[in-house]
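Report on one structure; see the data block that follows.
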Amino acid sequence: MKKKYYAFILLATVICLGCLFLLSCTKPDRDNPFDPMSNYTTPMQDSLALTQITDSQVKLEWQLNPTIVGNYIIKRQVNSGDYEVLSTIDKETNTYTDTGLMTTNTYHYQLIGANGDVQTEPLTNSISTTFAGITNFSIQQETVLSAKLTWDHNCSYEEGYIIERREISSRKNPISKKRTELPFGRGDVRQLLDRGVNNNEKKMKIDNNISRDFIQIADLSTNTLEYVDETLIPNHSYEYRMHAYTELNNSTEMVETFDNTFPAPSNLQINQDNVHTFSLVWDDNSEGENGFTIERKIDNGDYLQIGTNTSNDTIFVDDINSENQFEIVYYKITAFYQTSFSDSLAGNYSIEFPAPTNLTYNQLTIISIELTWDDNSINEDGFKIDKKVGSNNWQEEFAIISENTEEWTDTNAEINEDIQYRVYAYSGSNQSDSIETGVIDNTFPAPENLEFSIENISYPTVDIHLEWDYAASGIEGFKVLKNGILLSNIILPEVTEWIDVSLNVGDIVSYQVLAFYQSYNSAYSNEVICGVAPEGMIFVQGGTFEMGDHYNEGNSDELPIHEVTLDDFFIGEFEVTQAEFVAIYGSNPGSGYGDGDDYPVYNVTWNEAATYCNLKSQQEGLTPCYNLSSWSCDYEANGYRLPTEAEWEYAARGGLNWEDNYRFSGISTVLNYVA
């Protein structure tokens, strides 16, 4: 009995083991889900989704499966630590928000479905929260002391912004060695930083210390998108870093460098306004400067500071007023703020002092010469005039006249001298080149074109009327030289004529005229010689001529050609007419052809001609020339006579005016000499 009992137990055991085998999972290493002591988990069909809400919050989200689980268990692992249960959630809930996260950590989550002691296989997911904070971080210079920082914010949960700054380099100021002291103090540079808090920025905290380490300069409120740093030093470079922050986290830092340059002025324009001043104009490229320094040097000299302008004043007028003509003036313009300076803007200009041009002169009178010129300079002090007389040295600064003058008259010009003038502009001790007139012949001009005419013929006397031309002025009058004797008569300067009265018919008189001023006399005019001839006769001035046939066309008694000298004489302007002959002689020897009062008398014998001359002389109270009984002629008598052969040929030639150049008489009715 006992063996049967053991066999039954063994069989039952085998059967139970076979059933266990048949009913167990295909994988013998899996736990029995129906074993209340088993750790077996059923898999979830949906994955676990993680969504970052803020820098410190993550939302877990899954799909409901209430038929499998009774509730959910959420576990979290921080970095490589142990999983810890965060929360157990009702099966009707499918989301959970985890808070208090740090952006420096990585979080691993498990979602487990539980049904009593039975748990599903966990759903896992991991996340590292980020805090983007800001983007497009940029810096723009506002003034030489300030820069504007701008950015974009990319979240709505930041609580503010932290801005830090450090100095990374500085540049020495480009100050000229010859720069003079500016008219204000050189106080501690740190005074520049004592600016306080900008009232327009909430929660801002500024550290005014300068350090090579980052120092917080501002704590800004949320949604602020710009900040102006007003505590900079010109010509220093800075590095800024910035992040947004919340209670738990800081965003990713943004870092930018900024070179706080001191922009130099530009576009310097230099213009010479006048002979000693220059206008300087430039563009101001900086904001917040105290002003500008202006330095100057001449040619190879040293730069010296000559002035300062206040802020934003970009015009400067330099008054050189020294002897720098034809040199080059150099300028440097530098912006400054206390002890900081921009680079210098340089320019140069050739100093000019334009000389007057177009110098002309006009001899107004015998003692006054007017000079005129063009003034090419601006704001000169005036003009100086040097004078040179003959071979003497220049009389420097003979005259000094005021600015903008373009004419001057020398009222004491030396008579009968060569005179020169030179004119130049001056300003202080500086002067332009000079311009000269050349030699001016200030000879006392003589009267010109002296002529005479016979008037008031009343035998035996006549009047001689003299007329002349005179262009100069300033004389005291004229005097007449008669037959080599200077008459005491004074003719007024505005009168250019004179009458010599009651000359005897037959007189031969020479005249010349001169002008005078004080003890100075001009040269004499041309000489005129006039004979006081009866009516119808003309005066022929004597002279020497070659008498005879110059063309070998005449008779033998016209040769040889020989020199003959004649005294002055009068000759009838025309041949004696028949009417004139009859009026004196009483009868006309001519008859037949050619009769008429205006025809020349002809068929006249020598005796008849001599008788006519004597009768005419007696009629006019003159001494007859002919002795009819001796057939002789008294050439010293003042009566009428026939011309000699030499006188006739001389008169027919035109006297001395035409010499031997013409064959025939009567070549010009204009000349009183032609018979």
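The values are calculated or read from the model by the stated rules, or taken from the named source; none is laboratory data. Predicted model, so just to flag it, every value in this text is computed and none were measured. So basically every Cβ, Gly included, is an ideal-geometry build from the backbone, and we count neighbours across all protein chains shown.
Looking only at residues in the stretch 129-153 that are within 9 Å of Ala244 (Cβ to Cβ) and assigned to a loop (DSSP other than H, G, I, E, B), the one that is farthest from the chain's Cα centre (by Cα) is Phe131. The lone criterion from (1) part of a strand (DSSP E or B); (2) in contact with a helix residue (DSSP H, G or I) (Cβ under 7 Å, 6 or more places away or on another chain) left unmet by Ile233 is number (1).
Each residue in the stretch 426-485 was checked for being assigned to a strand (DSSP E or B), under 24 Å from Asp500 (Cβ atoms) and not hydroxyl-bearing (Ser, Thr, Tyr), and 24 of them qualify. Report whether or not Ser169 is part of a strand (DSSP E or B) and either touching a Phe, Trp or Tyr at 6+ places or on another chain (Cβ under 6 Å) or in the same structural domain as Leu225 (by TED's automatic domain parsing) (or both). So Ser169 passes the test.
Restricting the stretch 513-562 to residues that are of a type in the set (Gly, Ala, Ser) and at pLDDT 90 or above leaves a set whose member that is surrounded by the fewest Cβ atoms within 10 Å (Cβ to Cβ) is Ser519. Tell me, please, whether a residue that is aliphatic (A, V, I, L, M) and touching a Lys or Arg at 6+ places or on another chain (Cβ under 8 Å) can be found in the stretch 498-510. Yes, the stretch 498-510 has at least one match. No other residue among Thr41, Thr93 is modelled with pLDDT of 50 or more, at negative phi, among the polar types (S, T, N, Q) and not assigned by TED's automatic domain parsing to the domain that holds Gly160 apart from Thr93.
Among residues of the stretch 154-187 being among the aromatic types (Phe, Trp, Tyr) and modelled with pLDDT of 50 or more, the one that is farthest from the chain's Cα centre (by Cα) is Tyr157. Counting only strands (runs of 3 or more DSSP E) that sit completely within the stretch 81-126, those holding 3 or more residues that are touching a residue at least 24 places away in the same chain (Cβ under 8 Å) and closer than 23 Å to Leu248 by Cβ correspond to 95-98, 107-115.
Considering the stretch 511-548 alone, what residues qualify as being under 60 Å from the mean Cα position of the chain (by Cα) and small (Gly, Ala, Ser)? Matches in the stretch 511-548: Ala515, Ser519, Ser522, Ala523, Ser525.
The single condition among (1) within 26 Å of Gly474 (Cα to Cα); (2) surrounded by fewer than 17 Cβ atoms within 10 Å (Cβ to Cβ); (3) without any contact (Cβ under 8 Å) to a residue 60 or more places away in the chain; (4) out of contact with any Asp or Glu (no Cβ under 7 Å at 6 or more places or on another chain) that Asn393 does not meet is (1). Pairs linking a residue in the stretch 480-492 that is touching a residue at least 40 places away in the same chain (Cβ under 8 Å) to a residue that is aliphatic (A, V, I, L, M), with Cβ atoms under 7 Å and 6 or more positions apart or on different chains, are Leu481/Leu514.
A quick yes/no check of all residues on (1) over 17 Å from Glu121 (Cβ atoms); (2) surrounded by 14 or more Cβ atoms within 10 Å (Cβ to Cβ); (3) at pLDDT 95 or above; (4) touching a Cys at 6+ places or on another chain (Cβ under 7 Å):
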site	(1), (2), (3), (4)
Ile53	yes, yes, no, no
Ile68	no, yes, no, no
Val78	yes, yes, yes, no
Glu84	yes, no, yes, no
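Being assigned to a loop (DSSP other than H, G, I, E, B) and hydroxyl-bearing (Ser, Thr, Tyr) is a property that holds for Ser629. A single entry from Asn379, Asn412 fulfils the requirement of being surrounded by fewer than 16 Cβ atoms within 10 Å (Cβ to Cβ), farther than 30 Å from Asp299 by Cα and outside the structural domain of Ala523 (by TED's automatic domain parsing): Asn412. Could you list, in sequence order, the residues of the stretch 574-585 that are outside any loop (DSSP other than H, G, I, E, B) and not aliphatic (A, V, I, L, M)? Listed by number, the residues that qualify are Thr577, Gln578, Glu580, Phe581, Tyr585. Looking at this structure, is Tyr626 at pLDDT 95 or above and surrounded by 13 or more Cβ atoms within 10 Å (Cβ to Cβ)? So Tyr626 passes the test. Inside the stretch 398-417, residues that are farther than 30 Å from Ser522 by Cα and assigned to a strand (DSSP E or B) make up a count of 3. Screening Leu111 against (1) in contact with a Ser or Thr (Cβ under 7 Å, 6 or more places away or on another chain); (2) over 28 Å from Glu287 (Cβ atoms) leaves a single unmet condition, (1). Of all residue pairs spaced 6 or more apart or on separate chains, those with beta-carbon atoms under 6 Å, a first member in the stretch 137-156 that is free of Cβ contacts under 8 Å to residues at least 12 places away in the same chain and a second member that is charged (D, E, K, R) and surrounded by fewer than 17 Cβ atoms within 10 Å (Cβ to Cβ) are Gln140/Lys148. Sort out which residues of the stretch 636-655 are part of a loop (DSSP other than H, G, I, E, B) and within 30 Å of Tyr551 (Cβ to Cβ), and write them in order of number. Across the stretch 636-655, the qualifying residues are Arg641, Leu642, Pro643, Thr644, Gly654, Gly655. Scanning the stretch 486-503 for residues that are part of a strand (DSSP E or B) and of a type outside the set (A, V, I, L, M, F, W, C) turns up Glu497, Asp500, Ser502. Summed over the stretch 230-242, residues that are out of contact with any Lys or Arg (no Cβ under 7 Å at 6 or more places or on another chain) and either on the phi > 0 side of the Ramachandran plot or crowded, with 21+ Cβ neighbours inside 10 Å (or both) total 4. The number of residues in the stretch 340-392 that are farther than 15 Å from Gln420 by Cβ, among the aromatic types (Phe, Trp, Tyr) and assigned to a strand (DSSP E or B) comes to 3.
Condition check for Asn588 on (1) in a helix (DSSP H, G or I); (2) in contact with a helix residue (DSSP H, G or I) (Cβ under 6 Å, 6 or more places away or on another chain): one failure, at (1).
Could you tell me whether the stretch 22-34 includes any residue that is at pLDDT 75 or above and part of a loop (DSSP other than H, G, I, E, B)?
No, the conditions are met nowhere in the stretch 22-34.
Residues of the stretch 418-437 that are under 30 Å from Ala523 (Cβ atoms) and surrounded by fewer than 17 Cβ atoms within 10 Å (Cβ to Cβ): Asp418, Gln420, Glu436. Taking the criterion of being exposed (fewer than 13 other Cβ atoms within 10 Å of the Cβ), of a type in the set (Phe, Trp, Tyr) and modelled with pLDDT of 90 or more, the only residue of the stretch 575-608 that qualifies is Trp606.
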